[in-house]
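*Asks:* After the structure tokens below, expect a handful of questions from me.
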Amino acid sequence: MSASDDLFQRALLRIPGGVNSPVRAFRSVGGTPFFTRSARGATLVTEDGRELIDFVCTWGPAIHGHNHPRVRQAIATALEAGTSFGTPNPYEVRMAELIHEMVPSIGKVRMCNSGTEATMSAIRLARGFTGRDKIIKFAGCYHGHSDSLLIKAGSGALTHGHPDSAGIPASFARETVVIPFNDPAAVDAAFAANPGAVAAVILEPYPANVGLILPKPGFLDHVRSACTRNGALLIFDEVMTGFRLARGGVQEIERITPDLTALGKIIGGGLPVGAFGGRSDVMDHLAPLGPVYQAGTLSGNPLAMAAGIASLEMLCEGDPYSRMQALGRQVRAALESACREKGLAARVPQTGSMFSIFFTESEVSDYAGALTGDAKLFGRFFHACLERGVYLPPSAYETLFLSTAHEGGAIDRACEVMAAAIRSL
Ligand code: KE4
């Protein structure tokens, strides 16, 4: 029995499914998960001593590669002073100022400890600010696992066949209106059916939890104007896309100004983090200033702030985004060429350092389109890559990430491996 198998058997005794987050369990691709001993740059080293080129990047945070020396040094320096004070600390101020510099729509920001907390709190704030209850979300978008949002959700919820999780009271679910992404008429119809009742529309501006879906031209503008017209707040969930695709996120690329933005992942440099922020007049409704309560023992803790500040500051040096765009195009071209040669129908959406593959000949512009992808074939592709030393997200309903550390040998090797894996299907 391998070291990972032994660890997994022990884990199964004391942790549900042997994992602390469902998507890690390999249940949709088959097999059992490996355990990671260490990570550096674009590489994971497993407990069995295997070196894997990593396209999960711990689900987004590792945009500079794993264990980057500057992030590690920032954590070490902060650690000298202690791990958590439970009082304001200077790192929180620098983080808030840096987020505003990079994402100007965020006039004020509140730190928390996960993307789930960020979107959950943003929803509560929108309801408190507007005095309204309804939320509009899009099928397949995943905003973490809070009750109001775990409805027709993507990521692990979809992967494990529970996009509408058990345990959510029908009274909660009734307050969440779910419509198809890329469907302007559905947006208008949802508002018309709930006149004066919609507190907010929340979306991943580039949905990446059903695989990667890109908005059709004008769709995000349509959502923005519909929110403005109907007095609802527009919430961009940029937990995944924030700082990943541009310094200012998708809202910079698409020139759309949301009222609130949820953040996470990259801003913690790999440590637990979340944040939500936006219009100061809205944010000032939060306690201790206003009536919307939100709190967190470890919110703004110095270690996560130090790691996140280092990560963000490195994104402000040189042009990492052009570098990652070139890498993304390289891997997309390799996948498309291999699928063409194999005679395999596939769609490979890619933007910057994010890409995914749907084994389908249908257009994929929403949740229904994503479901036409052959998830079983993806599972075979996943294992064909893993056997050859490349680790993809263990689900057809996730997005692959690359980092600046993938430059050079790693991306070239990975393209060869992925092409060989396609040929082997
Ligand atoms: P967390 O609570 O997992 O920090 O963030 C939730 C979240 C919110 N919004 C978006 C757009 C997200 O992608 C996520 C979390 N992403 C998943 C990966 N698709 C995390 C991986 C996991 O669940 O283990």
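*Asks:* From the set of residues in the range 106-120 that are within 14 Å of the ligand (Cβ to nearest atom) and surrounded by fewer than 24 Cβ atoms within 10 Å (Cβ to Cβ), which is farthest from P163 (Cα to Cα)?
*Replies:* N113
*Asks:* Now for a different question. Please name all residue pairs, on different chains or six or more residues apart, with Cβ atoms under 7 Å, provided the first residue is in the range 97-115 and is over 19 Å from N301 (Cα atoms) and the second residue is part of a loop (DSSP other than H, G, I, E, B) and charged (D, E, K, R).
*Replies:* The qualifying pairs are M102/R247; G107/R279.
*Asks:* Under 7 Å between Cβ atoms, which residue pairs at least 6 apart in sequence (or on different chains) link something in the range 303-318 that is closer than 16 Å to L245 by Cα with a partner that is surrounded by fewer than 17 Cβ atoms within 10 Å (Cβ to Cβ) and not small (G, A, S)?
*Replies:* Pairs found: M314/R70; L315/R247; C316/R247.
*Asks:* Would you mind telling me which numbered condition in (1) touching a His at 6+ places or on another chain (Cβ under 9 Å); (2) surrounded by fewer than 24 Cβ atoms within 10 Å (Cβ to Cβ) V177 fails?
*Replies:* Checking V177 against (1) touching a His at 6+ places or on another chain (Cβ under 9 Å); (2) surrounded by fewer than 24 Cβ atoms within 10 Å (Cβ to Cβ), the one that fails is (1).
*Asks:* Of the conditions (1) surrounded by fewer than 20 Cβ atoms within 10 Å (Cβ to Cβ); (2) assigned to a loop (DSSP other than H, G, I, E, B), D188 fails just one. Which one is it?
*Replies:* (2)
*Asks:* Related question: Report yes if some residue within the range 31-41 is more than 28 Å from S356 (Cα to Cα), within 16 Å of the ligand (Cβ to nearest atom) and in the same structural domain as F381 (by TED's automatic domain parsing); otherwise report no.
*Replies:* no
*Asks:* Also: Filter the range 16-57 down to the residues that are assigned to a strand (DSSP E or B) and among the acidic types (D, E), then identify the one that is nearest to G389 (Cα to Cα).
*Replies:* Selected residue: E51.
*Asks:* Could you list, in sequence order, all residues of the range 251-282 that are surrounded by fewer than 22 Cβ atoms within 10 Å (Cβ to Cβ), out of contact with any helix residue (DSSP H, G or I) (no Cβ under 6 Å at 6 or more places or on another chain) and over 30 Å from G41 (Cα atoms)?
*Replies:* Matches in the range 251-282: R255, T257, R279, S280, D281.
*Asks:* With respect to the numbered conditions (1) part of a helix (DSSP H, G or I); (2) buried (at least 18 other Cβ atoms within 10 Å of the Cβ); (3) of a type outside the set (D, E, K, R); (4) under 19 Å from the mean Cα position of the chain (by Cα), which one is the sole condition not fulfilled by H64?
*Replies:* (1)
*Asks:* Take the range 225-260 and flag every residue that is more than 11 Å from the ligand (Cβ to nearest atom), under 23 Å from P320 (Cα atoms) and in contact (Cβ under 8 Å) with a residue 60 or more places away in the chain.
*Replies:* Scanning the range 225-260 gives F243, L245, A246, R247, G248, G249, Q251, E252.
*Asks:* Here are I123, I99: which of them is of a type in the set (A, V, I, L, M) and within 16 Å of the ligand (Cβ to nearest atom)?
*Replies:* Answer to the check: I123.
Conditions (1) in contact with a helix residue (DSSP H, G or I) (Cβ under 7 Å, 6 or more places away or on another chain); (2) within 16 Å of the ligand (Cβ to nearest atom); (3) over 25 Å from P207 (Cβ atoms), marked per residue:
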residue	(1), (2), (3)
E361	no, no, no
F382	no, yes, no
L386	no, no, yes
G389	yes, no, yes
T399	no, yes, no
C415	yes, no, yes
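*Asks:* Kindly establish whether V273 is touching a strand residue (DSSP E or B) at 6+ places or on another chain (Cβ under 7 Å), within 16 Å of the ligand (Cβ to nearest atom) and either not aromatic (F, W, Y) or not assigned by TED's automatic domain parsing to the domain that holds G131 (or both).
*Replies:* yes
*Asks:* Let me ask something additional. Of all residues being within 16 Å of the ligand (Cβ to nearest atom) and not β-branched (V, I, T) in the range 21-30, which is surrounded by the fewest Cβ atoms within 10 Å (Cβ to Cβ)? Just the residue, please.
*Replies:* Looking at residues that are within 16 Å of the ligand (Cβ to nearest atom) and not β-branched (V, I, T), I get S21.
*Asks:* What are the pairs, 6+ residues apart or on separate chains, where a residue within the range 19-33 that is within 15 Å of H162 (Cα to Cα) has its Cβ under 7 Å from a residue that is among the aromatic types (F, W, Y)?
*Replies:* none
The values are calculated or read from the model by the stated rules, or taken from the named source; none is laboratory data. None of these values were measured; they are calculated from a predicted model. Heads up, the Cβs are rebuilt from the backbone with ideal geometry, glycines too, and the neighbour counts pull from every protein chain shown.
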